[in-house]
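One structure is given here, and the rest of the page talks about it.
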Amino acid sequence: MSQATLAYADALRIVLAASSKAPVENVPISACIGRILAAPVISAADLPPFDNSAMDGFALRGHSIVPAGTELDIEGEQAAGDGIAQARNGAWEIMTGARLPDGLDRVIPVEQTERVSSTRVRLLANVEAGQNVRTAGSDVSFDENVLATGTMLQPQHVMLLAALGVPSVPVAERPRVAVLCTGRELVDDATQALAPGQIRNSNGPFLAARLPLAGAQVVHVETVGDDATAFEAALRRALDAGAKIIITSGAVSMGRYDFVPQALERIGAQTLFHKVAIRPGKPLLFAKLPGDVLLFGLPGNPIAVAVGLRFFVEPALRLMFGLPQETPLRVPLSKPYSKKPRLRFHLKSRLHIDTQGRLAVEVLDGQESYRIRPLSEANAWAVVPADVDALLAGALVDVHGLGHLEFPLPCEGAA
Ligand code: AMP
Ligand code: MG
């Protein structure tokens with residue numbers, strides 16, 4: 001095991017090399033929101049499935065323009081849901097969405113017509129071929145690639161899938177994740193009064209809330225005291241629950257009760273790194289357990305946990321989902337910012353619209369890793385690289401969403 005402090009990029013490379021693509025499962029479209037498509041969706045139908053009217057009006061036919069003033073017999077009526085009808089030479093009263101009677105090729109809106117009698121209509125405007133007709137396949141044609149692999153499925157995709165009659169989609173399985181919090185100071189029960197020296201466990205609930213939004217499935221959550229034996233027993237329960245990723249909080253620093261590294265050694269885990277040149281969360285540990293289970297040992301400070309999840313676990317999830325690594329937004333700082341060099345900083349930040357209507361990012365006050373409240377006011381992470389120490393207002397910084405699925409913007413030049 002290397003004790004040297006790694007650069008973030010090197011640590012991330014190790015995490016990604018240890019991660020592998022998730023298996024694929026089929027889910028009904030009613031349960032696909034937030035899931036990542038594992039294969040393209042190819043249309044097996046035309047959309048619309050038949051030529052139909054875009055207007056309430058009269059359907060008719062002609063060789064070229066049918067001129068204003070033309071009078072036609074009304075041959076029939078066609079409403080949405082009506083089946084095949086055979087037109088002769090006259091007009092058909094037609095409703096929006098109704099199948100065009102065979103032989104007709106254009107529709108004039110009802111407002112541009114005048115009833116001459118109960119059986120005759122006069123056109124008040126010229127009507128061109130194809131006018132107000134939604135042709136079969138004009139939205140989607142048969143055998144088209146309509147959704148790409150890697151699409152994070154959203155309600156608008158469900159609309160398309162439902163319209164095409166796709167009952168289920170292949171998506172990446174949600175990795176099974178266990179959350180283990182360590183610390184004898186922790187209290188889980190919100191109704192329990194705190195004894196002197198105790199604090200409430202906020203990392204466990206945070207991770208359990210954030211992981212499903214990142215696409216993972218939380219299969220086990222447990223809190224243990226600063227007790228290596230209890231921790232090992234909890235690890236076994238996490239593995240028994242089928243966890244493929246274990247996230248621990250606390251006990252990875254240099255303190256007397258920081259027993260996670262030794263406990264991992266005892267169970268035969270391979271620690272791939274311990275300590276990364278980042279703030280917060282420098283003592284972060286990454287290990288591989290027998291059975292290719294990944295363990296992220298996050299330092300206990302709440303913001304170190306949030307950063308560990310966002311910048312180590314979530315990139316691994318992206319690889320598992322077959323997603324490319326993220327390209328951050330580049331956004332101007334609303335105020336100058338300075339920091340120590342040598343560490344890459346992850347900053348609780350707020351993306352906002354400035355008075356000129358332009359996107360800007362504010363690094364929030366209270367960046368210490370114990371301070372939870374600024375994170376609750378944040379809507380993004382600003383990241384300042386290790387070698388940068390001072391930035392002027394207006395300087396561009398990398399900005400990431402609070403979660404990796406939060407800004408699903410296409411990148412120019414990406415495949
Ligand atoms: P540790 O990494 O165990 O030394 O913990 C670092 C700091 O994070 C200490 O102030 C702990 O009390 C705090 N801490 C550890 N675990 C949690 C937790 N689950 N929720 C909130 N704070 C925690
Ligand atoms: Mg602790």
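The values are calculated or read from the model by the stated rules, or taken from the named source; none is laboratory data. Because the structure is predicted, anything quoted here is derived from the model rather than measured. For neighbour counting, all protein chains shown are included, and Cβ atoms are generated from backbone atoms with ideal geometry for every residue, glycine included. Ligands, DNA and RNA are excluded from the accessible area calculation, which covers all protein heavy atoms including side chains. Shrake-Rupley method; radii C 1.70, N 1.55, O 1.52, S 1.80 Å.
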key: Per residue, the convex hull volume that the Cα atoms of the stretch 3-127 enclose (Å³)   = 216
query = What does the accessible area of His274 come to, in Å² to the nearest 10, when a probe of 1.4 Å is used?
reply = 10
task = With only Lys, Arg, Asp and Glu charged, each at its Cβ (+1 for the first two, -1 for the last two), find how big the charge dipole of the stretch 16-89 is about the Cα centre; round to the nearest 20 debye.
result = 620
message = Quick check: the angle from helix 203-213's long axis to the longest principal axis of the chain, C-alpha only, nearest 10 degrees?
response = 30
request  = Report the local net charge at Ala230: Lys and Arg +1, Asp and Glu -1, summed over other residues whose C-beta lies under 12 Å from its C-beta.
outcome  = -1
request  = Mind checking which of Gln262, Phe296, Pro170 is farthest towards the positive end of the chain's charge dipole, using Cβ charges of +1 (Lys, Arg) and -1 (Asp, Glu) about the Cα centre?
outcome  = Gln262
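With a cut-off of 8 Å between alpha carbons and a minimum separation of six or more residues, what is the relative contact order of the chain in percent?
Working: 937 pairs, mean separation 66.2, N = 415.
So the answer I get is 16 percent.
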note = Square roots of five times the C-alpha gyration tensor eigenvalues of the stretch 9-65, ordered largest first and given in whole Å, equal 50, 15, 11
query = If ligands, DNA and RNA are left out, what is the accessible area of Glu314 with a 1.4 Å probe, given in Å² to the nearest 10?
reply = 0
query = Long-range amide H contacts for Thr248: which residues qualify at under 5 Å (H placed 1.01 Å from N, peptide plane, sequence gap of 5 or more or a different chain)?
reply = Leu180, Phe296, Gly297, Leu298
request  = As a check on your grasp of the helix formula, calculate [θ] at 222 nm for the chain: sum -39500 (n - 2.57) over DSSP H runs of n ≥ 4, divide by the residue count, round to the nearest 500.
outcome  = -5000 deg cm²/dmol
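For the chain, with only Lys/Arg (+1) and Asp/Glu (-1) charged at the beta-carbon, what is the dipole magnitude about the Cα centre, in debye rounded to 20? Don't skip to the answer; put the middle values down first.
Values: 38 positive and 43 negative charges, 395 e Å.
Using only the charged Cβ atoms, the result is roughly 1900 debye.
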message = Keeping all protein chains in place and using 1.4 angstrom, which order do Leu124, Leu323, Leu213 fall into by accessible surface area, from largest down?
response = Leu213, Leu124, Leu323
note = Under the Karplus relation with 6.51, -1.76 and 1.60 and θ = phi - 60°, whole-Hz ³J(HN,Hα) for the stretch 288-300, x at Gly and Pro, equal 10, 9, x, x, 6, 8, 8, 10, 9, x, 9, x, x
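Find out how many positive minus negative residues lie around Ala277, taking Lys and Arg as positive, Asp and Glu as negative, among other residues whose Cβ is under 10 Å from that of Ala277. Mind showing how you got there, number by number?
Values: positive: Lys275, Arg279, Lys282, Arg342, Arg344; negative: Asp10.
Overall, the nearby charge balance is +4.
Counting Lys +1, Arg +1, Asp -1, Glu -1, what net charge surrounds Glu75 among other residues with beta carbon under 13 Å of its beta carbon? Walk me through the numbers before you get to the answer.
On the way: positive: Arg61, Arg88, Arg120; negative: Asp73, Glu77, Glu93, Asp102.
Combined, the nearby Lys, Arg, Asp and Glu give -1.
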Area of Glu232 that stays accessible when all protein chains are in place (1.4 Å probe, Å², to 10) = 40
query = Rank Ile65, Ile29, Ile108, Ile14 by accessible area, highest first, at a 1.4 Å probe radius?
reply = Ile65, Ile14, Ile29, Ile108
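Can you tell me the alpha carbon radius of gyration of the chain divided by the globular rule-of-thumb value 2.2 N^0.38 Å? Kindly include the intermediate steps, with their values, before the conclusion.
On the way: Rg = 30.3 Å, N = 415, 2.2 N^0.38 = 21.7 Å.
Working it through for the chain, the quotient is 1.39.
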message = I'd like the distance separating the alpha-carbon centroids of the stretch 341-374 and the stretch 25-51, in whole Å.
response = 38
request  = Round to the nearest 0.05 the FRET efficiency obtained for Asp240 and Ala148 when R0 = 45 Å and r is the Cβ-Cβ distance.
outcome  = 0.75
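Calculate, for the stretch 1-105, the solvent-accessible area per residue in square angstrom, rolling a 1.4 angstrom probe over the heavy atoms of the protein chains. The partial results should precede the final answer.
Details: 5240 Å² over 105 residues.
In whole numbers, the stretch 1-105 has 50 Å² accessible per residue.
Given the chain, what percent of its DSSP beta bridges are antiparallel, to the nearest 5? Each step should come with its number before you reach the end.
On the way: 57 of 85 bridges.
For the chain, the DSSP antiparallel bridge percentage is about 65.
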inquiry  = Which order do you get for Ile199, Ile94 if you rank them by accessible area with a 1.4 Å probe, largest at the top?
reply    = Ile199, Ile94
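If you take the beta carbon distance between Ala79 and Val140 as r and set R0 to 22 Å, what does 1/(1 + (r/R0)^6) give as a FRET efficiency, to the nearest 0.05? Write down the numbers at each step before the final one.
On the way: r = 24 Å, r/R0 = 1.11.
Calculated value: 0.35.
Could you list, in their original order, any pairs among Lys244/Lys288; Lys282/Lys348; Lys282/Lys339; Lys21/Lys288; Lys282/Lys340; Lys244/Lys348 whose Cα atoms are separated by more than 18 Å? Please list the in-between numbers first.
Working: Lys244/Lys288 10 Å; Lys282/Lys348 16 Å; Lys282/Lys339 15 Å; Lys21/Lys288 16 Å; Lys282/Lys340 14 Å; Lys244/Lys348 29 Å.
Where the Cα-Cα span goes over 18 Å, the pairs concerned are Lys244/Lys348.
Before anything else, pin down the relative contact order of the stretch 201-245: Cα pairs under 8 Å, at least 6 apart, normalised by residue count, whole percent.
Working: 22 pairs, mean separation 14.6, N = 45.
Computed over the stretch 201-245, the figure is 32 percent.
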query = Magnitude of the Cβ-charge dipole of the stretch 60-155, K/R +1 and D/E -1, about the Cα centre, nearest 20 debye?
reply = 180
